[in-house]
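Enquirer: One structure, as structure tokens, below. Some questions next.
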Amino acid sequence: MNEAAGIVSARDGYIARMADRTLAADLVSWPAVMITGPRAVGKTTTAAKHAEAALRLDRPEDASIVRDDPDAAITVGPFPLLLDEWQHTPEVLGAVKRAVDADQRPGRYIVTGSARNDLIAGAWPGTGRFLDIRMWPLTGRELFGDASQPSLFDRWDSPDRFEVPADPPDVLGYLRLALSGGFPGALRAADDQQRERWMRSFVDVTTTHDLEEFSAGRGRPRSPIRFRRYLQSYALHTAGVVPDSALIEAADLDRKTALGYHDILDAQRLVVDVPAWRSNRLRRLTSTPKRYVCDSGVGAWLAQIDFDAARRDPDARGRLFDTYVAAQLRAEAESAKVPVHLHHLRSQRGEHEIDVIAEFGFRVAAFEIKSASAPSAKDARHLIWLRDSLPPDQFAGGVILHTGRHRRWIDRDIEAVPIAALWGQRRASASA
């Protein structure tokens, strides 16, 4: 596979997203759907593909109609009606609440915009009325495979749940993919210099304009410089199991300020704290979350890791691959029909550690992420330990995701699988 192929295709038209299938299904059964996710991840573009009409509330003419009479403005249709950038006219949410309470017909409203409702939950009118769809940066499956296929976890019991492409990347190809990340704007960049400029602009807007929006009405003004420093501390610790104190110390902030910044970054979906997995059968497991920046490209830019640095530094390369692959699994979990909860596992003394635990129903699948191209039984030792510690019907399988070309079994219920098998082959029906 040419690892640049999907990046080039990002310039041409709409790339089908895994969220398309979820959004289409939700509109059949629910009156209002809200799409959340990081800035510039493609929420509006995807929503517009499913809408018959739109009110772009960042446009003065559309916003003024809503401010004059929000209830009347959203009843005209046609439906589904996209209400984009709701935070510019928050009163529109109350109008949607009243419309949904009065008429439960499905497929009427798609709402996009800021995720800051997470910080104003006490006054949030959408509770029980919106289905929430979280969008994440573009994945390998959306760029290189077929986004219309069911989630990995929905087809887990199929023998072809992993399908290795004919020409998967090598380790340096994966490194370039991880450094590019999945934000559409970064992928449209013509070269590394233009991508670097996009990253800088994205972080600047996030740590100034967005910080001001999220801080509005919440006491004293917040410092963009300190906020950026805290975000950088996450990037330096991405894919690490670290306590709050380590992030706070790295950012040189007091605890109250740092935790306030954490709440904002979490609401912006820029950072993801993966909780520790707990089991009654396993004792002495840590409860500290695993920290991620949501996108490996942005994380690498914040941590000042470029291609040469990652190529020479195995720790930086490992964190980068872990962050990249975890983002692929996060999107798979989000698009699954069966509820999937992602965790990590680490014993208190560090003798056992598993990168990602996926819990769906009673079953547990475990993933290790390796930058090596030919993982061995030694690399599977933590997966074997977990398999032997759980009831056979609970352990759904262990997977070592690696940078090689071949899928093979390493031990009973444990296999080595190329990372590219997460996106499989591109089907003729896949959108470019």
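The values are calculated or read from the model by the stated rules, or taken from the named source; none is laboratory data. Small disclaimer: the values here were computed from a predicted structure and weren't measured. Note that each Cβ is placed from the backbone with ideal geometry, even for glycine, and that neighbours are counted across all protein chains shown.
Enquirer: What number of residues within segment 39-59 are out of contact with any strand residue (DSSP E or B) (no Cβ under 9 Å at 6 or more places or on another chain) and within 17 Å of Arg108 (Cα to Cα)?
Expert: Residues flagged as out of contact with any strand residue (DSSP E or B) (no Cβ under 9 Å at 6 or more places or on another chain) and within 17 Å of Arg108 (Cα to Cα) within segment 39-59 amount to 1.
Enquirer: Related question: When segment 199-208 is examined, which residues are found to be surrounded by fewer than 19 Cβ atoms within 10 Å (Cβ to Cβ) and either at pLDDT 95 or above or in a helix (DSSP H, G or I) (or both)?
Expert: Arg200, Ser201, Val203, Asp204, Val205
Enquirer: Can you confirm whether segment 45-56 contains a residue that is basic (Lys, Arg), surrounded by fewer than 21 Cβ atoms within 10 Å (Cβ to Cβ), at pLDDT 95 or above and not in a helix (DSSP H, G or I)?
Expert: There is at least one residue in segment 45-56 that is basic (Lys, Arg), surrounded by fewer than 21 Cβ atoms within 10 Å (Cβ to Cβ), at pLDDT 95 or above and not in a helix (DSSP H, G or I).
Enquirer: Kindly provide the set of residues from segment 108-117 that are touching a strand residue (DSSP E or B) at 6+ places or on another chain (Cβ under 9 Å) and either assigned to a helix (DSSP H, G or I) or not β-branched (Val, Ile, Thr) (or both), ordered by number.
Expert: The answer is Arg108, Tyr109, Gly113, Ser114, Ala115, Asn117.
Enquirer: Between Ala166, Ala250, Ala190, which is under 30 Å from Thr403 (Cβ atoms), free of Cβ contacts under 8 Å to residues at least 24 places away in the same chain, not in a helix (DSSP H, G or I) and not assigned by TED's automatic domain parsing to the domain that holds Gln87?
Expert: Being under 30 Å from Thr403 (Cβ atoms), free of Cβ contacts under 8 Å to residues at least 24 places away in the same chain, not in a helix (DSSP H, G or I) and not assigned by TED's automatic domain parsing to the domain that holds Gln87 holds for just one of Ala166, Ala250, Ala190, which is Ala190.
Enquirer: Taking Lys370, is it more than 27 Å from Ser335 (Cα to Cα) and either in the same structural domain as Tyr174 (by TED's automatic domain parsing) or not basic (Lys, Arg) (or both)?
Expert: Here the answer is no, as Lys370 does not meet what is asked.
Enquirer: Against the condition under 28 Å from Phe307 (Cβ atoms), of a type in the set (A, V, I, L, M, F, W, C) and at pLDDT below 95, how does Ala178 come out, does it pass?
Expert: no
Enquirer: Before we move on, is Leu211 aliphatic (A, V, I, L, M), at pLDDT 95 or above and part of a helix (DSSP H, G or I)?
Expert: Judged against the criteria, Leu211 is not a match.
Enquirer: Also, I was wondering about something else. Is it true that some residue in segment 62-70 is surrounded by fewer than 19 Cβ atoms within 10 Å (Cβ to Cβ), in the same structural domain as Gln193 (by TED's automatic domain parsing), modelled with pLDDT of 95 or more and acidic (Asp, Glu)?
Expert: For segment 62-70, residues surrounded by fewer than 19 Cβ atoms within 10 Å (Cβ to Cβ), in the same structural domain as Gln193 (by TED's automatic domain parsing), modelled with pLDDT of 95 or more and acidic (Asp, Glu): absent.
Enquirer: Now for a separate question. Can you confirm whether segment 173-186 contains a residue that is over 18 Å from the mean Cα position of the chain (by Cα) and farther than 19 Å from Val298 by Cβ?
Expert: Yes, segment 173-186 contains at least one residue that is over 18 Å from the mean Cα position of the chain (by Cα) and farther than 19 Å from Val298 by Cβ.
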